[in-house]
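First the structure, in the form of structure tokens, and then the observations on it.
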Amino acid sequence: MASANQHEVLPAPSDGVSQLRIQSNRFLLASSWDSQVRLYDISSNTLKASYSHKAAVLDCVFASDRLVTYSGGIDREVKSFEINTESEQVLGQHEKTIRCVEFSSTTNTLYSGSWDATVKQWDPRQKSALVDTYNVEDRVFTMSLNSEKLVVGTANRQILIFDLRNMSEPLQKRESSLKYQTRTVSCNPNGSGYVLGSIEGRVAVEYFDPQPEIQSKKYAFKCHRQMVNGIDVVYPVNAISFNPVYGTFATGGSDGLVCVWDGENRKRLSQYARYPTGVSALAFSEDGTMLAVASSYTFEEGEKDVP
């Protein structure tokens, strides 16, 4: 991507960025390991608001129809933030770190996934916000949803697919087709399936329909790897984001690269210039014209000096 087409958002978080979200081409939401959630005005490139957790924030999301954000992290609290009034509220807690939050416009509820091996559903409009708690048997590492389904990636490479209208038990339980730990998942906006990324520099394109003729279309491919002194160095795939208009998807890796893929035709469309350190989060805008990229070291090589 040419430098004229991109700009840095300032002031930047003081620690690694864990998640990015865009709403209405107007606001950019960023959660960070510095315990802050920041809301930026995209057009003016200014910080509009921010609020704090008691520890690192691992995920954040907009409500789909309101100027409200939600977040969770290591302090185990699910928080909401009203943008217009800048008022905060703790909706509830998990027993362990909250790794993921997703908001569904279908149910008008929030879903939080935790290392306590549960997914909790919240209705922020109610005085007692907790709707229900669902056991997913292992630590939640990643989540994504579409209008009908919630996909949960847990430890030990398990993938659980829920119907948002009936979360009592998963529609499907699968083992990841990738050999190593799941890092990220993103649902295809067309409802056909999802894309997984793992720590081994590999991506899998999967389909919901269990019929054999549909399952025969799934595939996986290598990416975010490079030869260094004759050695094939493999980098984790940290982030995947679908373009909601074109159905293509971008991947971000610890190699500092962002690649855009045509999953249907199984080819790479473009690769951005390398960022100073690993890519930790990606987010397309609803109209597909913007892609937010977070360049943050994700400690895959331990403590070291980074840009």
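For region 145-295, just the Cα atoms, rotate onto the principal axes and tell me the three extents in Å, largest first.
Projected onto its principal axes, the Cα set of region 145-295 covers 49, 34, 27 Å.
Based on the mean of other beta carbon atoms within 10 Å per residue, what is the order of 132-138, 179-185, 109-115, 238-244, most packed first?
Ranked from most to least packed, the peptides come out as 109-115, 238-244, 179-185, 132-138.
Across region 165-180, in residue order, what do the Karplus-derived ³J(HN,Hα) couplings come to in whole Hz, using 6.51 cos²θ - 1.76 cosθ + 1.60 with θ = phi - 60° and x for Gly and Pro?
Each residue's phi maps through the Karplus curve to give 7, 8, 8, 4, 8, x, 5, 9, 10, 10, 9, 4, 6, 8, 6, 10 Hz.
Projecting each Cα onto the charge dipole of region 201-307 (Lys/Arg +1, Asp/Glu -1 at the beta carbon, about the Cα centre), which of Pro210, Gly230, Gly263 comes out farthest on the positive side?
Gly230
Could you name the aspartates and glutamates in cross-link range of Lys218, using Cα to Cα under 13 Å and dropping any fewer than eight places away on the same chain?
Partners found: Glu206, Asp209, Glu264.
Would you calculate a helix-derived [θ] at 222 nm for the chain, using -39,500 (n - 2.57) for each DSSP H run of n ≥ 4 and dividing by the full residue count, to the nearest 500? Walk me through the numbers before you get to the answer.
Values: 1 runs with 4 residues, N = 307.
Result for the chain: 0 deg cm²/dmol, rounded to the nearest 500.
So, R0 is 30 Å and r is the distance between the beta-carbons of Met290 and Asn265; what FRET efficiency does that work out to, to 0.05?
Efficiency, rounded to the nearest 0.05: 0.80.
Please check: in the Gaussian network model of the chain (C-alpha springs, under 10 Å), which one of Ser176, Ser43, Ser18 has the largest mean-square fluctuation.
Result for the chain, Cα springs under 10 Å: Ser43 fluctuates most.
So how much accessible area does Asp209 have, in Å² to the nearest 10, using a 1.4 Å probe?
Accessible area of Asp209: about 70 Å².
Kindly provide the pair-distance distribution of region 76-115 built from C-alpha pairs, with 5 Å bins from 0 and whole-percent values in order of increasing distance.
Per 5 Å bin, starting at zero, the Cα-Cα P(r) for region 76-115 comes out as 6, 20, 25, 24, 19, 5, 1 percent.
Return the label of the correct value of semi-axes √(5λ) of the Cα gyration tensor in Å, as calculated from the structure shown, out of [x] 27, 25, 19; [y] 40, 21, 17; [z] 45, 22, 15.
Given [x] 27, 25, 19; [y] 40, 21, 17; [z] 45, 22, 15, the calculated one carries the label [x].
So what is Rg over Rh here for region 208-301, counting just Cα atoms and using Kirkwood for Rh?
So for region 208-301, dividing Rg by the Kirkwood Rh gives 1.02.
Give me the Debye-computed log₁₀ of I(q)/I(0) at q = 0.14, 0.18, 0.19, 0.25 Å⁻¹ for region 1-93, equal point scatterers on Cα only, no solvent, two decimals.
The calculated log intensity ratios at q = 0.14, 0.18, 0.19, 0.25 Å⁻¹ are -0.47, -0.76, -0.84, -1.36.
Given Cβ point charges of +1 (Lys, Arg) and -1 (Asp, Glu) and nothing else, what value in debye, to the nearest 20, does the dipole of the chain about its Cα centre take?
420
Please tell me which of these pairs span more than 22 angstrom C-alpha to C-alpha: Lys54/Lys96; Lys96/Lys179; Lys173/Lys267; Lys54/Lys149; Lys120/Lys217; Lys149/Lys179?
Lys96/Lys179; Lys173/Lys267; Lys54/Lys149; Lys120/Lys217; Lys149/Lys179
Per residue of region 255-270, in order, report the coupling 6.51 cos²θ - 1.76 cosθ + 1.60 (Karplus, θ = phi - 60°) as ³J(HN,Hα) in whole Hz, putting x for Gly and Pro.
In residue order, the calculated couplings are 7, x, 10, 10, 10, 10, 10, 9, x, 5, 9, 6, 8, 7, 8, 7 Hz.
The values are calculated or read from the model by the stated rules, or taken from the named source; none is laboratory data. Here the structure is a predicted model, which is why all the values come from computation and not from measurement. No Cβ is skipped: glycine too gets one built from the backbone with ideal geometry, and neighbour counts run over all protein chains shown. What goes into the accessible areas is simple: the full protein's heavy atoms, side chains included, and nothing from ligands, DNA or RNA. Shrake-Rupley method; radii C 1.70, N 1.55, O 1.52, S 1.80 Å.
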